[in-house]
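As C-alpha cells, the structure follows; a few thoughts come after it.
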C-alpha cells in the first residue's frame, strides 16, 4: 500500500508540475523582461516539495516525467535538451543544499534557479556551438535571484500550509 501511495502522489505531482509549467506561459513576463527564455520556474515548487517530502529519487523521477511530457505535449522537442540540462542541474544543486543549516528554502531555491540557467546556457553551447551565449549568463544569474525568490516564497507558503494540516506523511 505504501508504494501505491507514493506512486499516486508522484503522478499527482507530475501533473501539477505540468500544469504549472503550462500556466506560467500565460504570464506576460516577456513584456516585463524582454529576454528569451526567462520564466519564473513555478514547476520548481513541485520539485522542491518532492525533494523534501519524497526524496531525491522520486524528485528526479517526477522532474524527468515533467520534462519529457512537457516537451511531448508542447510539441517542442528542440527545447527538451534545454529543459533537461537546466532542470537536472537545478535538482542536483538543490539536493546538495536542501539539508544545509546555513541556507533557507529561499537560498536553496535561488541556487536552483541559478543552476537551471547555467544548465540552459550549457545546452545552448551544445546546440549553437558558439560561446557567445556565455555573455547572456550574468543577466540570467541576476534574474535567477528574483525568480528563485518567488519560487522559494511559494514553496515556503506550501510547506507552512502542509505543516498546518498536521497530516502524517507516511509515504
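The values are calculated or read from the model by the stated rules, or taken from the named source; none is laboratory data. Bear in mind the structure is a predicted one, so any value in this text is a computation, not a measurement. Cβ placement follows ideal geometry from the backbone for every residue including glycine, while neighbour counts extend to all protein chains displayed.
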*Among (1) at pLDDT below 90; (2) on the phi > 0 side of the Ramachandran plot, which single condition is residue 28 missing?*
(2)
*Tally the residues that are surrounded by fewer than 17 Cβ atoms within 10 Å (Cβ to Cβ) and without any contact (Cβ under 8 Å) to a residue 40 or more places away in the chain, restricting the search to region 118-132.*
6
*Collect the residues in region 84-117 that are free of Cβ contacts under 8 Å to residues at least 40 places away in the same chain, part of a helix (DSSP H, G or I) and surrounded by fewer than 19 Cβ atoms within 10 Å (Cβ to Cβ), keeping them in residue-number order.*
84, 88, 92, 96, 97
_Of all residues being in a helix (DSSP H, G or I) and farther than 10 Å from residue 14 by Cα in region 51-69, which is modelled with the lowest pLDDT? Just the residue, please._
53
_Failed item in (1) buried (at least 17 other Cβ atoms within 10 Å of the Cβ); (2) under 20 Å from residue 159 (Cβ atoms), with residue 19 passing the rest_ = (1)
